[in-house]
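**Q** Here it is: the structure, laid out below.
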């Protein structure tokens, strides 16, 4: 077996400089295992979200020069331009894989950035039930959906817990004996099955749509897409509907029914003929996640039974969620 490639001296030096730049509130938050997200605002304030809590302001601030240095170091580490003509840096932190989004003037009035930590050990569905974030009936319904190889869309707003909940679904025993192919922009999903292949987009121009099409040659049992944002939605729906059931994806939406409308909008980026019937046939379950006062929960789950020519036919997957989680 050949040895793993070692980082170059330049890469090692850049990583060391970046870690030094993170000294202070950002470094402390990055080191904490329960940190979910870190936000550094244009005014210098630093906000940290930890598991089970909403965003809380750190006692320390981060100066303008410090914020700009971090953004430029991250850009340099991944070979991206970083100046007034290219003021947005989207990358993963070298060595550890946290998702980084940095913004410089003139897009923002001052440098700011967000860091999203990758998921740690997946939270089990049973834990969602124990904490009141998922009803036992919905838990049973979702487990049956996985067993029956239904296609599941996990929808919700930003930071509503879509990725974390998808990881919970991917850790279920129903997937253990399948060949799983996971497609993402950044590595956030984890699956406990033995036969797993993970692909990711690349700044060279490899898109999610390219990956969905290539995946068909990898003999997947289930196709998982971290988040659909564009025309790849059409390719994914076709794949789900032609011999590759049991898939999971996430998307941004404000309700379970709104997820279907959002899918229509994404499909329209790839075709002028909106395939309502394809959506109604390919999507079996929509799970809607919400966040209130920092607590994430499964608000609703719908079973999609088709399209009748005017609207999608839906029914509750199980009893509606009634408890409010504090």
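**Q** Kindly state, as a whole number, the per residue volume in cubic angstrom of the convex hull around the alpha carbon atoms of the range 154-272. Don't skip to the end; give the middle numbers.
**A** On the way: hull volume 12.7 nm³, N = 119.
Each residue corresponds to 107 Å³ of Cα convex hull volume.
**Q** Further question on the same structure: Can you give the Rg/Rh ratio of the range 62-165, where Rg is from the C-alpha atoms and Rh is the Kirkwood radius?
**A** On the way: Rg = 19.3 Å, Rh = 16.7 Å.
Value, to two decimals: 1.16.
**Q** Taking 2.2 N^0.38 Å as the expected size of a compact globular protein, what ratio does the Cα radius of gyration of the chain give against it, to two decimals? It would help to have the intermediate numbers written out before the result.
**A** Numbers: Rg = 20.7 Å, N = 326, 2.2 N^0.38 = 19.8 Å.
Relative to the 2.2 N^0.38 Å estimate, the chain comes out at 1.04.
**Q** Suppose R0 equals 25 Å. What FRET efficiency, 1/(1 + (r/R0)^6) with r the Cβ-Cβ distance, do residue 206 and residue 179 give to the nearest 0.05?
**A** Efficiency computed from Cβ-Cβ geometry: 0.70.
**Q** Now a separate question. How far is helix 64-78 tilted off the main Cα axis of the chain, in degrees rounded to 10, range 0 to 90?
**A** Result, in degrees: 60.
**Q** Another question, if that's okay. Quick check: convex hull over the Cα atoms of the range 9-116, volume per residue in Å³, rounded to an integer?
**A** Values: hull volume 9.6 nm³, N = 108.
Normalising the Cα hull of the range 9-116 by residue number yields 89 Å³.
**Q** At what distance in nm do the modelled label points of residue 83 and residue 34 sit from each other, each positioned 7 Å from its Cα along Cα→Cβ?
**A** Simple spin-label model gives 4.5 nm for this pair.
**Q** Between the range 222-241 and the range 275-299, what is the C-alpha centre distance in whole Å?
**A** 15
**Q** Quick check: pseudo-label points 7 Å beyond the Cα along Cα→Cβ at residue 143 and residue 265, how many nm apart are they?
**A** 3.6
**Q** When the chain is fully extended, how far beyond the present Cα-Cα distance does residue 187 get from residue 114, taking 0.36 nm per residue of separation? It would help to have the intermediate numbers written out before the result.
**A** Numbers: separation 73, 0.36 × 73 = 26.28 nm, distance 1.62 nm.
Fully extending the segment from residue 187 to residue 114 adds 24.7 nm.
**Q** Specify the inter-centroid distance of the range 21-96 and the range 182-204, based on alpha-carbon positions, in whole Å.
**A** Between the Cα centre of the range 21-96 and that of the range 182-204, the gap is 24 Å.
**Q** Can I ask one more? If you take every DSSP beta bridge whose two residues both sit in the chain, what share of them, in percent to the nearest 5, is antiparallel?
**A** Numbers: 38 of 60 bridges.
The answer is about 65 percent antiparallel.
**Q** What is the list of residues in the range 148-191 whose amide nitrogen lies under 11 Å from a point 7 angstrom out from the Cα of residue 219, following Cα to Cβ?
**A** Counting only backbone N, you get 179.
**Q** Still on this structure, please answer the following. What share of the DSSP beta bridges in the range 85-142 is antiparallel, in percent to the nearest 5? Walk me through the intermediate numbers first.
**A** Working: 10 of 10 bridges.
Looking only at bridges with both residues in the range 85-142, the antiparallel portion is about 100 percent.
**Q** Can I ask one more? R0 = 45 Å: FRET efficiency of residue 126 with residue 43, Cβ-based, nearest 0.05? Don't skip to the end; give the middle numbers.
**A** Values: r = 42 Å, r/R0 = 0.93.
That gives a FRET efficiency of 0.60.
**Q** Which residues in the range 254-285 place their backbone N less than 16 Å from a point set 7 Å from the Cα of residue 311 along the Cα-to-Cβ direction?
**A** Residues 255-262, 280 fall inside that zone.
**Q** How much length is gained on full extension from residue 252 to residue 65, taking 0.36 nm per residue of separation minus their Cα-Cα distance? Write down the numbers at each step before the final one.
**A** Details: separation 187, 0.36 × 187 = 67.32 nm, distance 3.37 nm.
Full extension of this stretch gives 64.0 nm more.
**Q** Hey, what does the equivalent ellipsoid look like for the range 223-284, semi-axes from the Cα gyration tensor as sqrt of 5 times each eigenvalue, largest first, whole Å? Please list the in-between numbers first.
**A** Working: eigenvalues 48, 38, 25 Å².
Equivalent-ellipsoid dimensions as semi-axes: 15, 14, 11 Å.
**Q** Under a 10 Å cutoff between Cα atoms, tell me which one of 249, 20, 201 has the largest fluctuation in the Gaussian network model of the chain.
**A** Of 249, 20, 201, the most mobile in the Gaussian network model is 20.
Quick note: the coordinates plus some simple rules give every number you see, no bench work behind them. Here the structure is a predicted model, which is why all the values come from computation and not from measurement. Cβ: placed from backbone, ideal geometry, glycine included. Neighbour counts: every protein chain shown.
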